[in-house]
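The values are calculated or read from the model by the stated rules, or taken from the named source; none is laboratory data. All figures in this text were calculated on a predicted structure; none of them were measured in a lab. Heads up, the Cβs are rebuilt from the backbone with ideal geometry, glycines too, and the neighbour counts pull from every protein chain shown.
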């Protein structure tokens, strides 16, 4: 489970830098974890430009392309995803079953 969560965080962070800010930056991200007997809830927040990963179209799987499947990966590794944009921040809530 730890590796799955780590991979999702790395994907979200990479997307924040490459697509949200389009360059290196000093902007912070915030991670919050809530754990109970049934799930781990991760809240990821950044101040990159608004991006709702729930409405973005996933790319088709291709062996010829490197990258571009991060949304597919995040969706496949979580049991629930919620998105909102508030106070200039993208707020993504992800759930992982325990």
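Couple of notes before you dig in:
- Every residue from segment 1-17 that is without any contact (Cβ under 8 Å) to a residue 60 or more places away in the chain and surrounded by fewer than 14 Cβ atoms within 10 Å (Cβ to Cβ): 2, 3, 6, 10, 14
- If you go through segment 19-37 and keep only what is over 19 Å from residue 97 (Cα atoms) and surrounded by fewer than 14 Cβ atoms within 10 Å (Cβ to Cβ), you end up with 19, 22, 23, 24, 25, 26, 27, 28, 30.
- Of the strands (runs of 3 or more DSSP E) contained entirely in the chain, those carrying at least 3 residues that are in contact with a helix residue (DSSP H, G or I) (Cβ under 8 Å, 6 or more places away or on another chain), at negative phi and at pLDDT 90 or above fall at 39-46, 89-97.
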